[in-house]
Amino acid sequence: MKNTLNPAKLMTPAACARALSVSLSTLRRWRREGCPVYQVGTSLNGPGSSPRYDVAAVKKWLRTRTAPQD
């Protein structure tokens with residue numbers, strides 16, 4: 001099965017933070033720590049681009065960070 005991104009599932013930072021019950025600053029910190037994020041807009045990380053989050057991908061990333069290490 002092919003794993004493709006569904007653009008309709010991407011959320012703004014504010015919507016993603018609300019869905020995860022965290023603050024925007026927490027979401028920004030997670031992003032710096034490697035949380036999956038997609039840039040949407042005219043240029044990558046430049047003027048006109050906006051970060052978008054897939055909540056399922058963020059939740060999966062969080063689970064891998066909190067998994068017990070052997």
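The values are calculated or read from the model by the stated rules, or taken from the named source; none is laboratory data. Computed from a prediction, not measured in an experiment: that's the story for all the values here. Here the Cβ positions follow ideal geometry from the backbone for every residue, glycine too, while neighbour counts run over all protein chains shown. Heads up: the accessible areas ignore ligands, DNA and RNA and are worked out on the full protein's heavy atoms, side chains in. Shrake-Rupley method; radii C 1.70, N 1.55, O 1.52, S 1.80 Å.
Order Lys59, Lys9 by their accessible area, 1.4 angstrom probe, all chains in place, largest first. Numbers along the way, then the final one.
Details: Lys59 95, Lys9 125 Å².
Reading off the accessible areas and sorting them downward yields Lys9, Lys59.
So if we plug the beta-carbon distance of Ala15 and Arg65 into 1/(1 + (r/R0)^6) with R0 = 22 Å, what FRET efficiency do we get, rounded to 0.05? Provide the component values of the computation, followed by the final result.
Numbers: r = 22 Å, r/R0 = 0.98.
Using R0 = 22 Å, I get an efficiency of 0.55.
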